[in-house]
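Step one of this worksheet: look at the structure below.
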Amino acid sequence: MEGFRFWPGALSASEQAGLLAEVLAGEAQAPFYRPVTPGGRPFSVQMTSLGPLGWVSDRAGYRYQPTHPVTGAAWPPIPPLLLDLWRDLTGEVRPPDACLVNLYRDGAKMGLHQDRDEADRTAPVLSVSLGDTAVFRIGPAGGGPTTTIRLASGDVCALTGPARLARHGIDRVIAGSSSLAPGGGRLNLTLRRAAPASQQS
């Protein structure tokens, strides 16, 4: 699909381990929680965020906000390696201001959706996989056939240009395919620019 970019094995084993350690250190400050949809249905994934803004979902709707919805504390900073990946792989000089962290365990998945809650949709969405391999599904924004690709630990992909609003989701995670994450599972780190351009540096 035009605009979908994929870098298999972009992170070495040592880079994956170092990044995971930084993410888990941030999670100690902003713990994983299970959000609900506006209709009240719990997500199958657990979530937290890094950066100035975090994506949240609850009865009030979908949005970005500067504080954790449970603790009320500010989100931890985005690790430097992720900022470097964003710059080097996408060529986007404006830094991301949000990194959504999804934890997939116990059969968690993510239905087809579009990333439409960002004020600046000209910027890419960059996704980093850590831990168990996921079966990723993607299709055109306007509908039509979808395709699947396996995302292994250390793989990176991006939605850019015509694929920025592509429908995408996770069909399933292959349990036990990686020993990286303590307790098993998959972590997906998704970098975005969420605030209006006028509020970005």
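Given the structure, is ARG87 more than 26 Å from ALA17 (Cβ to Cβ), without any contact (Cβ under 8 Å) to a residue 60 or more places away in the chain, of a type in the set (Lys, Arg) and open to solvent by 20 Å² or more (accessible area, probe 1.4 Å)?
So ARG87 does not fit the description; no.
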Hits in the stretch 25-76 (condition: farther than 25 Å from ARG94 by Cα, in contact (Cβ under 8 Å) with a residue 24 or more places away in the chain, among the β-branched types (Val, Ile, Thr) and in contact with a strand residue (DSSP E or B) (Cβ under 8 Å, 6 or more places away or on another chain)): VAL45, VAL70
Quick one: is LEU100 of a type in the set (A, V, I, L, M) and under 17 Å from ALA195 (Cα atoms)? yes
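Being among the basic types (Lys, Arg) and over 25 Å from LEU85 (Cβ atoms) is the filter here; which residues of the stretch 140-176 pass it?
Result: ARG172, single match.
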Taking the stretch 166-201 as the search range and keeping residues that are in contact with a Lys or Arg (Cβ under 7 Å, 6 or more places away or on another chain) and assigned to a loop (DSSP other than H, G, I, E, B), which one is nearest to ARG116 (Cα to Cα)? ARG193
Looking only at the stretch 6-45, and only at residues there that are of a type in the set (S, T, N, Q) and closer than 21 Å to ILE170 by Cβ, the one that is surrounded by the most Cβ atoms within 10 Å (Cβ to Cβ): GLN16
Collect the residues in the stretch 102-153 that are over 19 Å from LEU20 (Cβ atoms), among the hydrophobic types (A, V, I, L, M, F, W, C), in a loop (DSSP other than H, G, I, E, B) and open to solvent by 10 Å² or more (accessible area, probe 1.4 Å), keeping them in residue-number order. ALA119, ALA141
Of all residues in the stretch 154-178 being over 17 Å from ASP106 (Cβ atoms) and among the β-branched types (Val, Ile, Thr), which is surrounded by the most Cβ atoms within 10 Å (Cβ to Cβ)? VAL156
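The values are calculated or read from the model by the stated rules, or taken from the named source; none is laboratory data. On a predicted model such as this, the values are computed, not experimentally measured, just so you know. Positions of Cβ are backbone-derived with ideal geometry, glycine not excepted, and every protein chain shown enters the neighbour counts. To get the accessible areas, we keep the full protein, side chains included, count just its heavy atoms, and leave off ligands, DNA and RNA. Shrake-Rupley method; radii C 1.70, N 1.55, O 1.52, S 1.80 Å.
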